[in-house]
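The values are calculated or read from the model by the stated rules, or taken from the named source; none is laboratory data. Small disclaimer: the values here were computed from a predicted structure and weren't measured. Reconstructed Cβ throughout: ideal geometry from the backbone, glycine too, with neighbour counts over all protein chains shown.
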Amino acid sequence: MTHLVSELTQLERIPTQIYESADAACLTVADAITDLIQQRNAAGKATVLGLATGSTPVRLYRELIRRHQQEGLSFANVITFNLDEYYGLAGDHPESYRKFMQDQLFDHVDLKPENTYVPDGLVDRDAVFQSCKDYEAAIADAGGIDIQILGIGRTGHIGFNEPGSGPETLTRLVTLDNLTRRDAARDFLGEENVPRHAITMGVGTILAAHQLFLLAWGEGKASIMAQTVEGKQTETIPATFLQQHNNCTFCIDQAAASQLTRQCHPWLVGRIEWTEETTRKAVLWLAQKTGKSLLKLVDEDYTENGMSDLLVEQGPAYDLNIRLFNVTQHTITGWPGGKPNADDSHRPERATPYPKRSLILSPEPLDDVYCLGGTINRLKQHGNQVTIAYQTSGNLAVPDTEVRRAIELMIELGTDRIGEADLSYATTVETQLNEKGSFGADTSEIRQLKGLIRRSEARSSARTLGIDTESLHFMDLPFYEEGRYRRFIVTQADIAKMCELLETVKPHQIFATGYGHDPLSVPALSFEILSAALEQCAGSEWFKDCNIWLYKGPADEWEAHEIDMAVPLSPDEFENKIQGIYQHQTQRSQSPGRASKKSSNSWDLAREINCGTAEIYDALGLAEYEAIECFKRYSK
Ligand code: GLP
């Protein structure tokens, strides 16, 4: 593939294509694979594919399956080699990469089972070295890998080549990084269950493939993507060694590309059009970079940072500073539902109608209070009609120990106090828990009970925020109830349920999240469902008068220039929010999403994020608040 270097991409050391969506990127890669297989099939030769696991390639595999089923693409002459496998897991373990590949691809196409290679996770410790050599030999015997698909971990690993892996490394046993294990914690229902070792192809093995495609989606990957594409080659970020390959393309979505210089600071590498959006982004960035408040920026700050054009067009600095100060000032409001009888020409939310019907969408219980607990409380206090809808039950995130506690309580009450049927239900669930072990799939009874435990926590939390429990909707969207992390499939049934809720509530404003997240994550799918439902409701009267506010969540925050509404919280209001978070007891030991932040629990992370935003506003020269929750306007 030819790499066109332009002014904007001059800092990029790997050809990188940015797509509107993950699906669009997957189509390009699926086309390359299809072309190769068809050419090889026609020539009576085999195609050798290197495959990856994780959420990232799932949509690509779905597209390949579709082409097999609907367009007759045959994998009968394809040989596959997977990058890696957790050491210690049997091939039928629900979280083994062998099982993942069977479920996500192998079982749905005509690949010959003997042609699918995944490192053996159960090989005896003494035999690991030989087994890794055999894996390399098998790749060589097949003629080498024609196309290798890669994802990327947040440590910059490819396969499981963690920091420290050099470009010469071959297939071997490795120790997993803590961040990698934390990222896998949800799949394994707790970090302590994540294996400590894995067998992985080496960086050298990967570099030997003829063509490489690395895929990455969502903002969680944006930072590592920028470091890999624009940074120097280093063992600290093994993916940077891909810069050595002469046929490697990164196919990524907008969110994953958001920290590349051409996306986040384009004025540093070329001439750009100064729209309202880019101006706001650049000036707020300039203030943060120079450590000055907006009103203290001077002409030199602009000229020394690639913004001379802006100064010519809209300067001098004094004018630009005042204008951007006012724009930022106007994002601040204590009235997230709009202030009745007030001039709303510079307020984020309109004054009428009042009171409003405010719909809070929370992908799982906890997202609501954690990301906008203070705002919810304000909306209610100002007399708005607040509805909180939990899109999924969140039952996958409840540890078995919590179910066991509930069951033991019921058993202890005994038939004297609860009925025969209740007791027999409790003992049945107890048996199911014992039988499934640590990693077995939950039975429907266990999942239901886990969901109910989260409901009770959500109620308790909502009460802390002043919301009565009749205002809560537990949607239990089917994609989640019938799925498992990384394997969810959205259907019309999900969209229909969302439409029904929207048509019942007829909201004047909706608070939602999931935009820009990893497309297979629960928030992203919840948002996809909302978008589809909004499209279907576009003809309804309420839709025309409905504002949509995006909260970033669950472990991140909008950047200053993205904020359209900033709701300040007093110290007391913020403490109340923290109390609300505490009510989610089952989530105390859970990692609050893929945070790159310091804190490892949701209340500390909420403090870090909300107080951090307040500090940013303060440093920009605006009022000093204790904490701020913020939102971005979404255009329907
Ligand atoms: C694991 C795999 C990698 C994968 C990475 C990212 O560490 N060994 O091959 O690229 O996860 O996972 P995800 O695609 O879920 O973000």
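Tell me yes or no: at least one residue of the stretch 21-39 is of a type outside the set (Lys, Arg), assigned to a loop (DSSP other than H, G, I, E, B) and either assigned by TED's automatic domain parsing to the domain that holds GLU219 or closer than 23 Å to LEU207 by Cα (or both). Within the stretch 21-39, one or more residues are of a type outside the set (Lys, Arg), assigned to a loop (DSSP other than H, G, I, E, B) and either assigned by TED's automatic domain parsing to the domain that holds GLU219 or closer than 23 Å to LEU207 by Cα (or both).
Taking the stated definitions as given, is ILE145 more than 12 Å from the ligand (Cβ to nearest atom), closer than 29 Å to SER74 by Cα, in contact with a Gly (Cβ under 7 Å, 6 or more places away or on another chain) and outside any helix (DSSP H, G or I)? Here the answer is yes, as ILE145 does meet what is asked. Candidates are the residues of the stretch 40-63 that are in a helix (DSSP H, G or I) and either under 14 Å from ALA216 (Cα atoms) or not aliphatic (A, V, I, L, M) (or both); the one that is nearest to the ligand (Cβ to nearest atom) is VAL58.
Here LEU449 fits the description: closer than 24 Å to THR428 by Cα and in contact with a helix residue (DSSP H, G or I) (Cβ under 7 Å, 6 or more places away or on another chain). Exactly one residue out of PHE75, PHE100, PHE81 is in contact (Cβ under 8 Å) with a residue 24 or more places away in the chain, in a strand (DSSP E or B) and not assigned by TED's automatic domain parsing to the domain that holds ILE489: that is PHE81. Residues in the stretch 116-138 that are farther than 14 Å from ARG172 by Cα and in a helix (DSSP H, G or I): ALA138 only.
Of all residues in the stretch 444-459, those satisfying the criterion of being surrounded by fewer than 18 Cβ atoms within 10 Å (Cβ to Cβ) and in contact with a Ser or Thr (Cβ under 9 Å, 6 or more places away or on another chain) are GLU445, GLN448, LEU452, ARG459.
Considering ASP299, ASP309, ASP253, ASP319, the condition of being outside the structural domain of LYS552 (by TED's automatic domain parsing), touching a strand residue (DSSP E or B) at 6+ places or on another chain (Cβ under 8 Å), among the charged types (D, E, K, R) and more than 19 Å from ALA560 (Cα to Cα) is satisfied by ASP253 alone.
Elements of the type helices (runs of 4 or more DSSP H) sitting completely within the stretch 349-468 and holding at least 2 residues that are among the small types (Gly, Ala, Ser) and in contact (Cβ under 8 Å) with a residue 12 or more places away in the chain: these cover 367-381, 444-464.
Out of VAL386, VAL429, VAL398, VAL403, I need the residue that is within 30 Å of ALA90 (Cα to Cα), touching a Gly at 6+ places or on another chain (Cβ under 9 Å) and among the β-branched types (Val, Ile, Thr). Which one?
On the way: VAL386 fails: within 30 Å of ALA90 (Cα to Cα); VAL429 fails: touching a Gly at 6+ places or on another chain (Cβ under 9 Å); VAL403 fails: touching a Gly at 6+ places or on another chain (Cβ under 9 Å).
Result: VAL398 is the single residue among VAL386, VAL429, VAL398, VAL403 that is within 30 Å of ALA90 (Cα to Cα), touching a Gly at 6+ places or on another chain (Cβ under 9 Å) and among the β-branched types (Val, Ile, Thr).
Conditions (1) touching a strand residue (DSSP E or B) at 6+ places or on another chain (Cβ under 9 Å); (2) closer than 15 Å to THR155 by Cβ; (3) at pLDDT 95 or above; (4) away from the ligand (no atom under 13 Å from the Cβ), marked per residue:
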| site | (1), (2), (3), (4) |
| --- | --- |
| ASN178 | no, yes, no, no |
| ARG182 | no, yes, no, no |
| ALA198 | yes, yes, yes, no |
| ALA216 | yes, yes, yes, no |
| ALA226 | no, yes, yes, yes |
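Residues in the stretch 259-281 that are within 23 Å of GLY231 (Cα to Cα), free of Cβ contacts under 8 Å to residues at least 60 places away in the same chain and assigned to a helix (DSSP H, G or I): CYS264, TRP267, LEU268. Only one of the numbered conditions (1) assigned to a helix (DSSP H, G or I); (2) within 34 Å of the chain's Cα centre (by Cα) is not met by LEU295, and that is (2). Among residues of the stretch 38-58 that are on the phi > 0 side of the Ramachandran plot, those with a Cβ under 7 angstrom from a residue that is part of a loop (DSSP other than H, G, I, E, B) and within 16 Å of the ligand (Cβ to nearest atom), sequence gap 6+ or separate chain, pair up as GLY54/GLY151.
Only a single item in (1) within 16 Å of the ligand (Cβ to nearest atom); (2) in contact with an Asp or Glu (Cβ under 6 Å, 6 or more places away or on another chain) is not met by PHE479, and it is number (1). The listed residues are GLY166, GLY153, and the only one of them that is in the same structural domain as ALA198 (by TED's automatic domain parsing) and either away from the ligand (no atom under 16 Å from the Cβ) or free of Cβ contacts under 8 Å to residues at least 12 places away in the same chain (or both) turns out to be GLY166. Listed by first and then second residue, the pairs with beta-carbon distance under 7 Å, at least 6 apart or on different chains, first residue in the stretch 176-201 and assigned by TED's automatic domain parsing to the domain that holds PRO163 and small (Gly, Ala, Ser), second at pLDDT 85 or above and more than 11 Å from the ligand (Cβ to nearest atom), are GLY190/PRO399; ALA198/TYR87.
Take the conditions (1) β-branched (Val, Ile, Thr); (2) closer than 30 Å to VAL522 by Cα; (3) surrounded by 17 or more Cβ atoms within 10 Å (Cβ to Cβ); THR205 misses just one of them, which is (2).
Counting only residues that are more than 16 Å from the ligand (Cβ to nearest atom) and either of a type in the set (Phe, Trp, Tyr) or out of contact with any Phe, Trp or Tyr (no Cβ under 7 Å at 6 or more places or on another chain) (or both), the stretch 64-85 holds 15 of them.
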